Amino acid sequence: MSVELELLLSFLLLIVSFFFIFFFITGSSKSEKSISAHLPKSYPLIGSSFAIKANFDRRIQWTSDILQNIPSATFVLHRPMGHRQIFTGNPTNVQHILKTNFHHYQKGSFTRHTLFDFLGNGIFNADGDTWKFQRQVASHEFSNRSLRKFVETVVNTELSQRLIPILSIAAANKTVLDLQDILQRFAFDNICKIAFGYDPAYLLPSLTPAQFAEAFEESTRIISARLNRPFPIIWKIKKLFRVGSEKRLQKSMSEVRNFAMNIVKEKKEELKQNSSLESVDLLSRFLSSGISDETFVTDVVISFILAGRDTTSAALTWFFWLISKNQHVETEILKEIQEKSNVAIFEEVKDMVYTHASLCETMRLYPPVPVDTKIAVSDDVLPDGTWVKKGTRVTYHPYAMGG
Ligand code: HEM
């Protein structure tokens, strides 16, 4: 090959390479630019504090909007002092966090320490063996037999003696009701009966406050607010000096714990007298399994009430709200109820395919747990390539995923 031809070929190769490099760089920077346009601005030391503060009251919608505008559905939120929090709505990542690599993503020491005063070693605040043990005992509560018994005894009584009469009277008198409040009371009564066989009678026609329920609500509200405090030292100082919200927290928590502890003692006595007691509640199940530490059993009960309380009522509130906006769905549900209402109550609900689907659809659009956070206990890489440093908060986002 002549020198001229070689030079010409090299020149052409150079031009073509330049063309591809230029095309690649401008192409990728365009897509990177469009991604970063959706991300909150971040600065040294303070990270995205301004954006976090500005969106604090709409943080679930805000993070959901970001995830929905990013092709990978994963982004890193830069918190002050270099702390990173990963948000993901990517199903493969979620499967990795909750299933495939489950043991690497735990509640972690920060959450555990923050919630310990109220939740102690209850399942919501436990990892490892304590968590596993509670999960195993509690899983029996969700067996077909237990659920059937629960629906036929507890839920049916609460429905026929409380919820339906209250709604019927309001309908007859054309009174306006706060349905969310009614459903919260309904869920609270049910979950207390299943958790420790106690009826707080929160859903009564007078709709008056019930001490245990109010104290539980106050404790939950203040303890969860601790998690969002940018400077945890502040709640710790308030706790030390027993002032402000921490003083109220101490009061409401001790009401809840004393109350629950008394029930634990009573139930223990009952079981001593009659070891073959046929109870549906979780407390009896734990006590019968040989656990006698009253503080631990109280922790178990508190976590369980917390788990079932707002989730159930939020799902039901959104369900009725959506039905009120979708007349054709209401018609189909009523039709199904009429067709299926002459069999036993448990079979009845099991076969209601359309109603079941409507509930699932409600929870897709408005998940009762819209976001959930875990802590990485070691370095990891998510399936989409996101690098996770040990100790990072990793949040999966059911609300963003269902939208
Ligand atoms: C619509 C109703 C409900 C929804 C949407 C819901 C959703 C959830 C979610 C998302 C979690 C976190 C899972 C995880 O981090 O791996 C969870 C945990 C839990 N839920 Fe529910 N839940 C509901 C009702 C209930 C009820 C009625 C009970 C009890 C009777 C209950 C008991 C629990 C328990 C014990 C945990 C802790 C599991 C753990 O840490 O391993 N849930 N729930």
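The values are calculated or read from the model by the stated rules, or taken from the named source; none is laboratory data. Note that the coordinates shown come from a computational prediction; the quantities given were computed from them, not determined experimentally. Every residue, glycine as well, gets a Cβ built from its backbone with ideal geometry; the counts of neighbours run over all protein chains shown.
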Original post:
When you go through (1) surrounded by fewer than 18 Cβ atoms within 10 Å (Cβ to Cβ); (2) in a helix (DSSP H, G or I); (3) more than 14 Å from the ligand (Cβ to nearest atom) one by one for Arg285, which number turns out not to apply?
Top reply: (3)
Original post:
So which pairs qualify, if the first residue must be in region 246-269 and closer than 20 Å to Ala210 by Cα, the second must be not in a helix (DSSP H, G or I), the Cβ gap must be under 6 Å, and the two must be at least 6 apart or on different chains?
Top reply: Ile263/Tyr198
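Could you tell me how many of the residues in region 98-118 are free of Cβ contacts under 8 Å to residues at least 60 places away in the same chain and within 11 Å of the ligand (Cβ to nearest atom)? I'd like the intermediate steps shown before the answer.
Taking region 98-118 first, the residues free of Cβ contacts under 8 Å to residues at least 60 places away in the same chain are 99-100, 102, 112-113, 116.
Within this subset, residues satisfying the condition of being within 11 Å of the ligand (Cβ to nearest atom) are 99, 102.
Residues meeting the conditions: 2.
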Original post:
Only one of (1) within 14 Å of the ligand (Cβ to nearest atom); (2) at pLDDT below 90; (3) not aromatic (Phe, Trp, Tyr) fails for Ala307. Which number is that?
Top reply: (2)
Original post:
When you go through (1) within 19 Å of Tyr399 (Cα to Cα); (2) part of a loop (DSSP other than H, G, I, E, B) one by one for Phe319, which number turns out not to apply?
Top reply: (2)
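Find the helices (runs of 4 or more DSSP H) located wholly in region 119-205 whose residues include 3 or more that are within 16 Å of the ligand (Cβ to nearest atom), modelled with pLDDT under 95 and surrounded by fewer than 18 Cβ atoms within 10 Å (Cβ to Cβ), and list them.
By residue number, 128-139, 144-150.
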Original post:
Would it be correct to say that Glu294 is surrounded by 13 or more Cβ atoms within 10 Å (Cβ to Cβ) and without any contact (Cβ under 8 Å) to a residue 24 or more places away in the chain?
Top reply: no
